[in-house]
Amino acid sequence: MKVSKIILASAALVLLGATSVFAAKAKAAKTKIEIVDRPGFALGTAIPDWVVAVLEGENKKVAKALKFDDAKTQVFVFTNQGDNLEFLKTWTDQVDVQRQVANSFSMAVGQSANAVLQGNSGANKTKIQQSVDQTIKTLSALELNGLLKGAQYWIQFRKPKQGVKVNNKSTDKDFDYYYEYYVVFTMDRAVYDKQLDAALNGVEDNTSETELLKKALSATLRAPLLDKAVDETVEYDFDEE
């Protein structure tokens, strides 16, 4: 099978009351992650395009790969990681949905805030950050009604243990093994828009920065939403020979 590598790029991640969306990130050495198992692994079937899009952080490609009409459907993709696949599926599908929705909103707010700053040189960075915090607080409290589970997929990876340098004499004990589980949830567009608009209307337009942010969010929050930021320190090796 042809070798294919994806070098993951960074994406903005804003956590309520914790991280500034504008904080600089130091560069770190990339860690090589290998696939050791997945559905269709033994048969050599390809990883679904929507999963590759998730790994690349290409949210719009997810809906396209799954043939969803953005005008009719809101798409979420949630990702969780752990060493027990069945527990991971249950936790992600049934327990952790609200937190993952909040993470998706947080990432979208961070991306919109960066867009506002880049497009408006006169915008006040401090006020933008205050608007970000206020908006995330409001959206994090939003409990969406009408989410439906769609496609799902999993991959088992291995990566070198911290501090271990891998060579041709390395054995299993030199690696950490773990699963990543990806699941798609959808909502009817009209139902989602109604709930989203009600939440955004609750954010006071008390500064020009907030108005700009809400305007940017109107489009960002209606695109397919991912709950996981892309890690620029990771290199996925898709060589499955």
Solvent exposure of region 26-101 as accessible area per residue, Å², 1.4 Å probe = 57 Å²
Any chance you could get the radius of gyration and Dmax over the Cα atoms of region 133-227, in Å?
-> 20.8, 62
Sorted by chain and number, the residues with a modelled amide H under 5 Å from that of Val234, at a separation of 5 or more or across chains, are Leu8, Thr31
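For the pairs Lys61/Lys194; Lys67/Lys89; Lys64/Lys137; Lys60/Lys215, flag any whose C-alpha to C-alpha distance is greater than 22 Å.
Details: Lys61/Lys194 25 Å; Lys67/Lys89 24 Å; Lys64/Lys137 30 Å; Lys60/Lys215 19 Å.
Those over the limit are Lys61/Lys194; Lys67/Lys89; Lys64/Lys137.
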Each residue of region 168-174 in turn: what ³J(HN,Hα) in whole Hz from Karplus with 6.51, -1.76, 1.60 and θ = phi - 60°, glycine and Pro shown as x?
-> 5, 9, 5, 10, 4, 5, 8
Charged-residue dipole, Cβ positions (Lys, Arg, Asp, Glu), region 115-186 about Cα centre, Debye nearest 20 = 280 debye
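What FRET efficiency, computed as 1/(1 + (r/R0)^6) with R0 = 25 Å and r the Cβ-Cβ distance, is obtained for Thr207 and Ala141, rounded to the nearest 0.05?
0.75
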How large, in percent, is the carbon and sulfur part of the accessible surface of region 55-181 at a probe radius of 1.4 Å?
-> 46 percent
Förster radius 35 Å - calculated FRET efficiency between Lys30 and Lys194, Cβ distance, rounded to 0.05 = 0.25
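Pop out the Kirkwood hydrodynamic radius of region 54-126 from its pairwise C-alpha distances, inverse of mean 1/r, in Å to one decimal.
Radius from the Kirkwood sum: 14.8 Å.
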Sum of -39500 (n - 2.57) over DSSP H runs of 4+, divided by residues of the chain (222 nm, nearest 500) = -11000 deg cm²/dmol
With all distinct Cα pairs included, what does the Kirkwood hydrodynamic radius of the chain come out to in Å, to one decimal, could you say?
-> 19.3 Å
Work out the charge dipole of region 20-179 with +1 on the Cβ of Lys and Arg and -1 on the Cβ of Asp and Glu about the Cα centre, then indicate which of Asn59, Asn168, Ala71 is farthest towards its positive end.
-> Asn168
Just order 160-167, 225-232 by mean Cβ neighbour count inside 10 Å, highest at the front, would you?
-> 225-232, 160-167
State the extension gain, in nm to one decimal, for the chain segment bounded by Asp172 and Lys64, taking 0.36 nm per residue of separation less the distance between their alpha-carbons.
-> 35.1 nm
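Please give the charge dipole size of the chain, origin at the Cα centre, charges +1 on K and R Cβ atoms and -1 on D and E Cβ atoms. Round to the nearest 20 debye.
Roughly 420 debye, rounded to the nearest 20.
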Give the cross-link partners of Lys165 among the aspartates and glutamates, using a straight C-alpha distance below 17 Å as the criterion and excluding same-chain residues fewer than 8 apart.
-> Glu34, Asp174, Asp176, Glu235, Asp237
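The values are calculated or read from the model by the stated rules, or taken from the named source; none is laboratory data. Computed from a prediction, not measured in an experiment: that's the story for all the values here. Positions of Cβ are generated from backbone atoms using ideal geometry, with glycine treated the same way; all protein chains shown enter the neighbour counts. We work out accessible area using only protein heavy atoms, side chains counted, and drop any ligands, DNA or RNA first. Shrake-Rupley method; radii C 1.70, N 1.55, O 1.52, S 1.80 Å.
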